[in-house]
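Read the structure below first, then the notes.
The values are calculated or read from the model by the stated rules, or taken from the named source; none is laboratory data. Since we're looking at a predicted model, the values are computed, not measured. Glycine gets a Cβ as well: all are built from the backbone with ideal geometry, and neighbour counts include every protein chain shown. Side chains included, ligands, DNA and RNA excluded: accessible areas come from the protein's heavy atoms. Shrake-Rupley method; radii C 1.70, N 1.55, O 1.52, S 1.80 Å.
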Amino acid sequence: MGSSILSSLFGNASSSWMSGLYSSLSEYRSVTSGSYYKLAKRYYSQISSASSNAGSSRSVEGYDVLAHVSGHDVKKNDSKTDSADTSKASYTRTASTQKANTRTAAVAASTLSSSINSLMSSRTYDVTATNTADKVKQTVESDLTKFAADYNSYIDAAKKSTSQSLGTASKYLMNTTSKYSDDLKSIGLSVGKDGKLSVDTDTLKNADTDAVKKLFSGGNNYGSAAGTYISLAQYYASQALSDGTYTSSGSFAAATFSGYSAKA
């Protein structure tokens, strides 16, 4: 009866439609069972063999089309995916390195800040019953030696950071040091061509404590100017670590690289 209804509705078309459906289901079963793949593979291997003998064989390296269509995928190379993964990994390593460099510069700036603050404090130079003039002189010599070492460590660390703001603060600090090079040399600290400080032990031991105080303690002198730029360096390094992003080359910027954000 069902066949009669279909015939009355569609005529001969129903028979053709049912036949097509049956055929499609049969083909689907053949594909999912792997029969198509086996037959097609055998057929095309014969063609490939014949073409090879004729000197005109062709292949698609790393990709089996028949295997893909039939669901029997073989391992293949995906150059685009590999390239993206490689870029992301390289970017992550670069950003991680730059973050570590900026953190090192931040620590160095903090240490240098402590050194110069000691030299800027008027209490360092106060002579009392217990803090004799000799002790004051020893303390000042020790503080100057430490300041030079911490200054050099900071300059080395800052050069490795790609934070532009931190670099600017460092540039101004070095320019200020260069400006006061004669005064610094008179108390035993010489400014080299690389901008770093070296200690002249003999000059340092004979330096006048009052001259050191005049250069570092109080306002409108080397200590106040250098201290300002060291404080800025601390601030910019902190900002780079908390808010910054890095580009693929590792430079500090607000933008991101290929959709990847390396939050510092």
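Hey, rough spin-label estimate for Ala133 and Thr228, points 7 angstrom out along Cα→Cβ, what's it come to in nanometres?
Result: 3.5 nm between the two label points.
Around Ile187, what is the net charge, scoring Lys/Arg as +1 and Asp/Glu as -1 over all other residues with Cβ under 13 Å from its Cβ? Can you show the working numbers first?
Numbers: positive: Lys137, Lys185, Lys205, Lys213, Lys214; negative: Glu141, Asp143, Asp182, Asp183, Asp200, Asp202, Asp208, Asp210.
That works out to -3.
In 10 Å bins starting at 0, how do the alpha-carbon pair distances of the stretch 155-215 split up by percent?
Percent of pairs per bin, in order: 22, 43, 26, 9, 0.
Say the cut-off is 23 Å between C-alpha atoms; which of Lys135/Lys171; Lys159/Lys213; Lys99/Lys146; Lys137/Lys159; Lys99/Lys159 go over it?
Details: Lys135/Lys171 35 Å; Lys159/Lys213 30 Å; Lys99/Lys146 26 Å; Lys137/Lys159 33 Å; Lys99/Lys159 13 Å.
Beyond 23 Å between Cα atoms: Lys135/Lys171; Lys159/Lys213; Lys99/Lys146; Lys137/Lys159.
Can you compute 3J(HN,Hα) from phi for each residue in the stretch 105-110, using the Karplus curve 6.51 cos²θ - 1.76 cosθ + 1.60 with θ = phi - 60°, rounded to whole Hz and x for Gly and Pro?
Running phi through 6.51 cos²θ - 1.76 cosθ + 1.60 with θ = phi - 60° gives 5, 5, 5, 5, 5, 5 Hz.
Where does each of Arg103, Arg123 land when they are ordered by accessible area, with a 1.4 Å probe and the largest first?
Arg123, Arg103
Suppose we keep just the alpha-carbon trace of the stretch 94-191; what are its Rg and Dmax in angstrom?
Values for the stretch 94-191 (Cα only, Rg and Dmax): 16.0, 56 Å.
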